[in-house]
Structure formats: C-alpha cells, structure tokens
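Below is one structure, written out as structure tokens; the observations come after it.
The values are calculated or read from the model by the stated rules, or taken from the named source; none is laboratory data. In this text the structure is predicted, and so the values were computed from the model without any measurement. Here the Cβ positions follow ideal geometry from the backbone for every residue, glycine too, while neighbour counts run over all protein chains shown.
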Amino acid sequence: MEIQKIINNGNQYLMSTYGRTPIAFLDGKGSTLTDTEGNEYLDMVAGLAVNSLGHSHPAVVEAIKNQAEKLLHTSNLYWIEGQVALAQKLVQNSFGDKVFFCNSGAEANEAAIKLARKYAYKKYGSHKNEIIAMTGSFHGRTLGTLSITNNPKYQEGYGPLPEGFKFSEFNNLEALKGVITENTCGIIIEPIQGEGGVTPVEATFLKAVKEICVKNDILLIFDEIQCGLGRTGKLFAYENYEIEPDIMTLAKALAGGVPIGAVIATDEVAKAWCPGDHGTTFGGNPLVCAVGLAVIDTILQEKLSDQAKQIGMYFAEKLQGFVNQYSWVKKVKGMGLILGLELEIEGTPIVAEAFKQGVLINCTAGKILRFLPPLIITEKEVDQTINTLAKIFKEMEGV
Ligand SMILES: *Cc1c(COP(=O)(O)O)cnc(C)c1O
C-alpha cells in the first residue's frame, strides 16, 4: 500500500497517541530499513534500543521459525523449558538469582515496585512502602510507572495516580537524604537516563546511594530497560559502576523486537513472592523466551558489548568534533552506543532533516539528539551519520 493511503487509514482507525514521521517500513536488514516506496534508511534508533542485533538477524529469525513450528504459548499454569533456560542465562550473567518474565518495560517496572513493596511489607509491615525515583526519569506509561516518571506532560489528566512515590534530584545526594524516610522501601534509578536526556548516573552518587540502601534495608532498583544488554559496552550498565542493585528490570532489546520484560532480583528479595502474588498470561511464553535466548547468546558469542564500546568511542569522538566546531553544540553524552549530542537549540528540525537524507535519528528532552543504533553498526555507517549531520549543521550555520 502506498504511504499516503496508510496514513489516511491510520488517521481514521488508530487512536492518535503518537506524532509519527510520515513513513512506513516494509523491510529491514542489518542497520538498513526500506520503506513502502523502496527508499533506504540508515537506522540509528533501532526501534528505540530494541533491535540491538539489527533487523532480520539470522539468529532471531531462526529462533522464531523453529519455535513457531513447535509451540507458541501454554500459559504459566505449566513449566516452560525455554523460560527456565532464559532465566538461567540471565542469572549466570548478572548479579541476580531469580527472574520473573512479563511483556514490556512498564510491566517490568510495575513488577519491581510490587516486589519491593512486598519485600518490605513482609519484613517490616505495611508502613514501609515508599519508592523514590529521580528527576528526569522515565519508567513507563502505566498508572504505577507514571507515578515514577518525572514528566508532568505524561502525567497530566491521569490523576489520581497511585500514592507512595516521591522524586529526588538526579545525582544529588543531599537532596536524596532529605527525601528518604523510615518508610522508604525502594529507590529506582536508570544508570543512564534515556528519555531524560542520555544522562549517566554519577559514580560517587551511586556509591553513596548503595551505602544508604544497605544501611536502611532499602532496595536499589536499576531500570536497565533502555541501557542494558550490551549497549553501554558492558552486558549490564551497572557493571560500569561496579555497584549491584537488588532488583533490575529489562525489556526492549531482550528479545530483539518480540515483546518481553524481565525482573531480576537477588534470592533474598525474590523470596518475598509466593505462588499467586504476581502473574501474567503471556509473560515468558515459549516463543519470546526462545528469541530472548538467541539474542543473549548472540550478544555474548559475538562480544557485542565490546563492539558497542569500541564503535561507541569512535562515534563519540566524531560527535565531539561538532562540539569543537559549533558554539551551539554543547556536549556529547552517554557511553557505548547510547549517545546524545546536547544542543542549545531544538533538535526536532535536525531529526526531520536527517530523515530526509536517509538517516533515522531521534531527539529527546527537547535539545538532545539521541543515537541508539544496533550494536552491529559499522564504522562506515557511523561515518554516514556523521557526514549527514555535518551537512545539516553546515547549512544551519549558513542561515
Ligand atoms: C522504554 C522504557 C520503559 C518502558 O518500556 P515499555 O516497554 O515502553 O513499557 C521503561 N524504562 C525505561 C528506561 C525505558 O527506556
């Protein structure tokens, strides 16, 4: 179908929750997407950090085909071999001991909130139920996760939101000390804030937070939904800080585009849950777990974390060139292949111009260009992105 028809029908039949670029893709291979008119685009967004292996990766395609021929779904009334295998893989490669699977990032954070509260409830009673989140945070769009998403625009009109949540300034230890009370049961942090502007947590702050958590039996929750699974140059972002959480949430890249979410916790925390305490119909079904296993195995076997680190350094260095060249380009943010370029001007027109020139990038927090390419991106593809931006920036200077 031609694009204008798709858009017209979309406007007629879909709820209008997204401001979309007027394009639809039919095909993807590696870091390249092809639209309905046959035009090719370099994908530096990777479905918002989902397609970390690129599009149509053979391992993902094969896992889907093989599993689809055998069994898609049985529900969690029964044991699921692939679910156990994926949990084992996550445990063997992380701080955690136990895993719960669900279907999205927001659901994973919902589960993390519920687990933290149940843990505190069983140990201390119902008063210890407060969760502290950071300014600039994004944790999802459900009512519970909206309560810990520090964006008034996303919250507006949805009140009353669930209670027992507070915000504290990101990377400000004194502020946090002022917000914590004896009722605090959890602190949730994105090791690198994605939507908030590609801002890494500071190591000294995180170390102090960990100490406070240990001392007060407050659970430290890391939301690695965007930054986890190789993107920062380590399998998990927390490894860059050598600080382990009590609970970690994953989603986006975990099954390469098939919807999945996961909560990983230590034994001590996980044992707060007994049969019936939480659940989901789809979560961890045979299909999604087979794909998740294929994705993690590929990330590990092909050392994609190391590759993200190497190519990310190359990319960041090139971006730094713009900072040196243009006064209105302020700084390079992030690490590995979760990178931002902070501008003094709105980024949206630049995203639109790059799109016209065949490169898909993103803008977040108004003035930060965000790059979340597949981890398999090549230097040549980074160069193409840089050359496109160079052209756009140069023309902007000319105006
Ligand atoms: C995307 C994201 C979420 C929400 O995930 P959904 O799958 O969209 O519900 C939560 N936290 C972070 C850090 C994210 O980037």
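Odds and ends about this structure:
- With a requirement of 1 or more residues that are assigned by the TED database to the domain that holds Glu379, surrounded by 12 or more Cβ atoms within 10 Å (Cβ to Cβ) and in contact (Cβ under 8 Å) with a residue 24 or more places away in the chain, the strands (runs of 3 or more DSSP E) lying completely within region 1-114 that satisfy it span 25-29, 32-35, 40-43.
- Within region 48-84, considering residues that are within 17 Å of Val263 (Cβ to Cβ) and of a type outside the set (S, T, N, Q), the one farthest from the ligand (Cβ to nearest atom): Val84
- The residues of region 189-205 that are within 16 Å of the ligand (Cβ to nearest atom) and more than 14 Å from the chain's Cα centre (by Cα) amount to a single one, Val201.
- Any chance Gly228 is within 16 Å of the ligand (Cβ to nearest atom) and either in a loop (DSSP other than H, G, I, E, B) or free of Cβ contacts under 8 Å to residues at least 40 places away in the same chain (or both): yes
- Of the strands (runs of 3 or more DSSP E) entirely within region 248-365, those holding at least 1 residues that are assigned by the TED database to the domain that holds Ile376 and polar (S, T, N, Q) occupy 362-364.
- Answer residue from region 270-302, given it is aliphatic (A, V, I, L, M) and out of contact with any strand residue (DSSP E or B) (no Cβ under 6 Å at 6 or more places or on another chain) and is surrounded by the most Cβ atoms within 10 Å (Cβ to Cβ) among those: Ala290
- When region 190-209 is filtered for residues that are surrounded by fewer than 22 Cβ atoms within 10 Å (Cβ to Cβ) and either in contact with a helix residue (DSSP H, G or I) (Cβ under 7 Å, 6 or more places away or on another chain) or under 23 Å from Thr348 (Cβ atoms) (or both), the ones remaining, listed by number, are Glu195, Gly196, Gly197, Thr199, Phe205, Ala208.
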